[in-house]
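> Right, I'll just put the structure down here and ask away after.
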Amino acid sequence: MSTIKKLQTDVAIIGGGIVGSSAALALRRMGLGVVLLERDLCGSRSSGVNFGGVRRQGRSLSQLPLTQRAHRIWGQLPELLGTDGEYIRSGHFKIARSESDMASLERYRALSSDFDLGLELISGARLREQCPWLGARAVGGSLCAEDGQANPRLVSPAFALAAQRAGAQIFERHKVDEVAHDGAMFMVRSGNALEVQAPVLLNCAGAWAGAIASQFGETPPLRARSPVMAVTEPVPHFMQWSLGVEGGGIYCRQVARGNLVLGGGTGITLDAERARAERDAIATLAMQAVELLPVLRHAHIIRTWGGTEGYLPDREPVLGPSRTTPGLFHGFGFSGAGFQIGPAAGEVLAELARDGRTETPIDAFAIERFDEQPLTVSPT
């Protein structure tokens, strides 16, 4: 009969995605002890199956300080992780399909001007000259030249590997079965294999983080959703930018080998462990892709996949201290947009764990914003 392994550390982390792993790395660089538990493999969930866009453009104003911090971290990946993760600042172009879309992009440029994103509006003859590959539906767009793309299957696990090399104790395939707090220490248990005690706990469990928070009297309206992703066969290289669409919809990028990575729509969540792309969503994605990029008309889709991401109603994350429990800090609910800001969110959580504060503005992400839910009145 096996004996449960018991560990004590400075900070325990639940979740080995890009947020939890980057927090572990930052904590080790601060000299603090870290134990991280991941239910699967680090970086294998939403952090590793997402589109791979590394963009600041289009984010809410409240996220821009965090995304600017992340932008600096992304520029240091080789030194930080020992790999560049195929990260390139290829530029991100947000497409306008109407004059009202262009007006919206112009407003965003004005509102975000304090953050030096370097947004450039392109339309008319110049658009056709620079982007002959765009379909007629596109009337213009906004270019953020310093935004880019990376390979999430490389970057997300690399944060965990770097944290481990720095001395973090990382336990993969350790699903958390029990979490408790005795007023001074947290206890995190994984089956009969591992029990961790620490005065600080970081809840970075992604789509499963709501269940952790609820054990401490906090129940944010977190919902799981599966994105639809696809990749085409290689086609001759025709674009450098990563693309998005104003108002939402398809997004895509072309990798060095020529494949187009596409995303958009919602797939099927089979259960807590599995998700897959949905046939009608793939058909819609293909039609949108051909409309915007006619060169793809005869390209074959060679693979589709899904994932499981945690969404909150306002599409803003929960990032900061627990309302109910000292020493508990949350970092979840990035609503499909956590890849770029994940490393900065991890650093912020590390600062909160060590100092109880951070210089990066995070008030907009407080879990307290969900305290007062609207009353539901039953019909009489």
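The values are calculated or read from the model by the stated rules, or taken from the named source; none is laboratory data. Please read these numbers as outputs of a predicted model, since none were measured by experiment. Positions of Cβ are backbone-derived with ideal geometry, glycine not excepted, and every protein chain shown enters the neighbour counts. With ligands, DNA and RNA removed, areas are computed over all heavy atoms of the protein, side chains included. Shrake-Rupley method; radii C 1.70, N 1.55, O 1.52, S 1.80 Å.
> Please specify each residue of region 145-189 satisfying the condition of being acidic (D, E) and either in contact (Cβ under 8 Å) with a residue 24 or more places away in the chain or over 23 Å from D40 (Cβ atoms) (or both).
E146, D147, E172, D182
> If you don't mind, another one. Answer yes or no as to whether R165 is at pLDDT 95 or above and surrounded by fewer than 18 Cβ atoms within 10 Å (Cβ to Cβ).
Answer is yes for this residue.
> Restricting attention to strands (runs of 3 or more DSSP E) lying wholly within region 292-376, give those where 1 or more residues are under 25 Å from D147 (Cβ atoms), at pLDDT below 95 and among the small types (G, A, S).
309-311
> Okay, moving on. Restricting to region 183-210, name every residue that is of a type in the set (G, A, S) and more than 22 Å from D371 (Cβ to Cβ).
G183, A184, S190, G191, A193, A198, G206, listed by residue number.
> Something else now. Please go through region 18-42 and give me each residue that is out of contact with any Leu (no Cβ under 9 Å at 6 or more places or on another chain), within 21 Å of L194 (Cα to Cα) and buried (at least 24 other Cβ atoms within 10 Å of the Cβ), ordered by number.
Selection gives E38 alone.
> Looking only at residues in region 327-359 that are in contact with a strand residue (DSSP E or B) (Cβ under 9 Å, 6 or more places away or on another chain) and farther than 19 Å from A205 by Cβ, which one is surrounded by the fewest Cβ atoms within 10 Å (Cβ to Cβ)?
Going through the qualifying residues, I end up with G356.
> If we scan region 195-207, do we find a residue that is assigned to a helix (DSSP H, G or I), open to solvent by less than 30 Å² (accessible area, probe 1.4 Å), in contact with a Cys (Cβ under 6 Å, 6 or more places away or on another chain) and of a type in the set (A, V, I, L, M, F, W, C)?
No.
> Right, something else. Inside region 222-237, can you point out the residues that are farther than 26 Å from W208 by Cβ, touching a helix residue (DSSP H, G or I) at 6+ places or on another chain (Cβ under 8 Å) and assigned to a strand (DSSP E or B)?
The answer is T232, and nothing else.
> To continue, here is another question. Tell me, which helices (runs of 4 or more DSSP H) wholly within region 43-85 include 3 or more residues that are open to solvent by less than 40 Å² (accessible area, probe 1.4 Å) and more than 25 Å from T266 (Cα to Cα)?
In region 43-85, 64-74, 77-81 are the helices (runs of 4 or more DSSP H) which contain 3 or more residues that are open to solvent by less than 40 Å² (accessible area, probe 1.4 Å) and more than 25 Å from T266 (Cα to Cα).
> Collect the residues in region 198-215 that are aliphatic (A, V, I, L, M) and within 21 Å of P313 (Cα to Cα), keeping them in residue-number order.
Hits for region 198-215 are A205, A207, A209, A211, I212, A213.
> Oh, and also: Of everything in region 31-63, what is among the polar types (S, T, N, Q), under 30 Å from D114 (Cα atoms) and out of contact with any strand residue (DSSP E or B) (no Cβ under 8 Å at 6 or more places or on another chain)? Give them in sequence order.
S47, S60, S62, Q63 - these are the residues of region 31-63 that are among the polar types (S, T, N, Q), under 30 Å from D114 (Cα atoms) and out of contact with any strand residue (DSSP E or B) (no Cβ under 8 Å at 6 or more places or on another chain).
> So, of the residues in region 11-42 that are among the hydrophobic types (A, V, I, L, M, F, W, C) and assigned to a helix (DSSP H, G or I), which turns out to be farthest from L105 (Cα to Cα)?
This residue is M30.
> In region 220-234, which residue that is modelled with pLDDT of 90 or more and either small (G, A, S) or touching a Gly at 6+ places or on another chain (Cβ under 7 Å) (or both) is farthest from E278 (Cα to Cα)?
P220
> Quick one: count up the residues across region 239-271 that are basic (K, R) and surrounded by fewer than 22 Cβ atoms within 10 Å (Cβ to Cβ).
Adding up the residues that qualify gives 1.
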